[in-house]
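I have placed the structure first, in the form of structure tokens, so that the comments after it can refer back to it.
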Amino acid sequence: MIGRDGAGYAQPSMAIAAHPELGDALRATRGRTLALVAPLDPGELERVQHPLMSPLDWDLGHIAAYEDLWIVHRHGGGALLRPDLADLYDAFETPRAVRGEIPFLRGQDVLDYIAAVRERALEVLRDVGPGDGTLFELVVRHEAQHNETMRQTLFLAGLPGGRPIAAPPEAATGGGWIDVPAGPFEMGAGADGFAFDNERPRHSVGVPAFRIARRPVTNGTWLRFCEGGGYERREWWSDEGWSWKEEYDISHPEGWTSDGPVRADRPVTHVSWFEADAFARAQGARLPTEAEWEKASTWTQEPIAQVGEAWEWTSSCFAGYPGFVAHPYREYSEVFFGDRYRVLRGSSWATERRVRSPTLRNWDLPQRRQIFAGVRLAKDVT
Ligand code: AVJ
Ligand code: FE
């Protein structure tokens with residue numbers, strides 16, 4: 001679990017990371033990737049498990065194609081191992097909706113491909129060196145992020161790996177609200193160490209006083225929202241949210257059975273932004289802005305609790321910070337800027353420790369529910 005003081009966050013190092021450490025990080029991440037697919041039959045890996053998600057074998061090939069492109073080709077100056085596969089594994093050339101139809105590598109072929117690329121990448125690390133480490137860090141984190149995507153697929157398919165195994169240790173303090181006083185704070189990642197382009201540059205943001213919930217909303221509280229007509233009371237829903245809910249006949253978070261949630265005391269997950277927004281209004285509250293979220297999560301006086309168990313929807317649309325520069329991977333962030341995508345903060349139980357940070361930004365469309373995402377409420381100070 002993430003602590004406000006940085007406990008639980010991977011410590012950024014000086015020149016990003018030293019050379020042996022990057023090799024170890026690549027290996028550790030690969031171990032986790034392979035552990036996710038090891039228990040599954042080949043048929044499960046080839047199949048489109050959910051219309052939103054790629055076949056798991058596609059994720060594997062995409063992870064390797066990305067590594068081949070950024071480490072072997074761009075950093076090392078070598079040729080791609082399989083230039084014929086580049087388009088098929090490019091997330092933009094081949095959107096998720098058509099990934100079930102294409103001749104991606106399957107079974108032993110994809111395992112051989114990812115192993116061959118990895119050998120080439122480790123040769124580059126040995127012979128060319130890590131450079132300033134940015135591209136290696138990008139590749140490690142890309143694979144780690146795909147591990148979370150793969151867990152989303154496993155969740156939606158009801159396969160092992162899609163749900164947290166053990167509950168995190170319970171923190172001792174109570175619930176209620178934390179009052180954060182008005183004042184500017186420095187938002188975003190500083191110039192040193194690795195950060196994604198969308199976390200920079202760090203800039204000062206004035207934030208009026210606000211209140212934020214010490215804890216995320218639990219399944220138990222969400223169940224009461226359901227039972228209290230949460231999904232029927234038109235006045236709590238935005239126009240867009242209401243049409244979405246009606247069209248898809250949504251009446252509870254994704255993954256609940258007729259018995260409701262599995263664990264009442266854990267943070268609710270798999271709710272859309274539309275549901276999060278309606279829930280907040282029903283409580284006479286609202287979602288925090290991402291500036292409020294980051295200020296609260298880095299405020300040394302009184303920490304928000306249970307950060308890192310479930311992503312937290314914010315009210316903010318995904319945009320570049322003032323002075324944003326796309327780097328090095330242009331399609332990572334910039335193409336999603338605008339009023340369609342909402343920002344999530346904090347990370348989830350499925351987020352690799354190395355990726356976590358108080359400045360990390362995640363984003364998705366307001367109707368999406370595959371993310372391990374819930375809600376932390378905020379309020380104006382009146
Ligand atoms: C940052 C989680 C929104 O999954 O679309 C993976 C991460 N980008 N490959 C995504 C990502 C390219 C990204 N998110
Ligand atoms: Fe990717």
Scanning region 103-115 for residues that are of a type outside the set (Phe, Trp, Tyr) and touching a helix residue (DSSP H, G or I) at 6+ places or on another chain (Cβ under 8 Å), the one nearest to ASP68 (Cα to Cα) turns out to be ILE114
When (1) modelled with pLDDT of 95 or more; (2) closer than 21 Å to TRP363 by Cα; (3) surrounded by fewer than 21 Cβ atoms within 10 Å (Cβ to Cβ) are applied to TYR329, the one that fails is (1)
message: Yes or no: region 104-111 includes at least one residue that is within 16 Å of ligand 2 (Cβ to nearest atom), under 24 Å from ALA373 (Cα atoms) and free of Cβ contacts under 8 Å to residues at least 60 places away in the same chain.
response: no
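Conditions tested, residue by residue: (1) of a type in the set (Lys, Arg); (2) within 16 Å of ligand 2 (Cβ to nearest atom); (3) farther than 16 Å from ALA310 by Cα; (4) surrounded by 19 or more Cβ atoms within 10 Å (Cβ to Cβ).
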{"residue": "GLY129", "(1), (2), (3), (4)": "no, no, yes, no"}
{"residue": "GLN152", "(1), (2), (3), (4)": "no, yes, no, yes"}
{"residue": "GLY162", "(1), (2), (3), (4)": "no, no, no, yes"}
{"residue": "ALA182", "(1), (2), (3), (4)": "no, no, yes, no"}
{"residue": "GLY188", "(1), (2), (3), (4)": "no, no, yes, yes"}
{"residue": "GLU199", "(1), (2), (3), (4)": "no, no, yes, yes"}
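Results for (1) among the basic types (Lys, Arg); (2) more than 16 Å from ligand 1 (Cβ to nearest atom); (3) surrounded by fewer than 18 Cβ atoms within 10 Å (Cβ to Cβ); (4) closer than 20 Å to ARG354 by Cα, shown as yes or no for each residue.
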{"site": "TYR113", "(1), (2), (3), (4)": "no, yes, no, no"}
{"site": "ARG126", "(1), (2), (3), (4)": "yes, yes, yes, no"}
{"site": "GLY133", "(1), (2), (3), (4)": "no, yes, no, yes"}
{"site": "ARG141", "(1), (2), (3), (4)": "yes, no, no, yes"}
{"site": "LEU156", "(1), (2), (3), (4)": "no, no, no, no"}
By residue number, the members of region 72-106 that are surrounded by 14 or more Cβ atoms within 10 Å (Cβ to Cβ), within 15 Å of ligand 1 (Cβ to nearest atom) and in a helix (DSSP H, G or I) are ARG96
In the set GLU227, GLU254, GLU232, the lone residue that is surrounded by fewer than 19 Cβ atoms within 10 Å (Cβ to Cβ) and touching a His at 6+ places or on another chain (Cβ under 8 Å) is GLU254
Note on region 31-57: residues buried (at least 18 other Cβ atoms within 10 Å of the Cβ) and under 19 Å from the mean Cα position of the chain (by Cα) are THR33, LEU36, MET53, SER54, PRO55, LEU56
Of SER348, SER316, SER297, SER333, the only residue that is closer than 25 Å to ALA191 by Cα, among the small types (Gly, Ala, Ser) and within 13 Å of ligand 1 (Cβ to nearest atom) is SER333
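The values are calculated or read from the model by the stated rules, or taken from the named source; none is laboratory data. Keep in mind that this is a model prediction, so the values were computed, not measured. In this analysis, Cβ positions are derived from the backbone assuming ideal geometry, glycine residues included, and neighbour counts consider all displayed protein chains.
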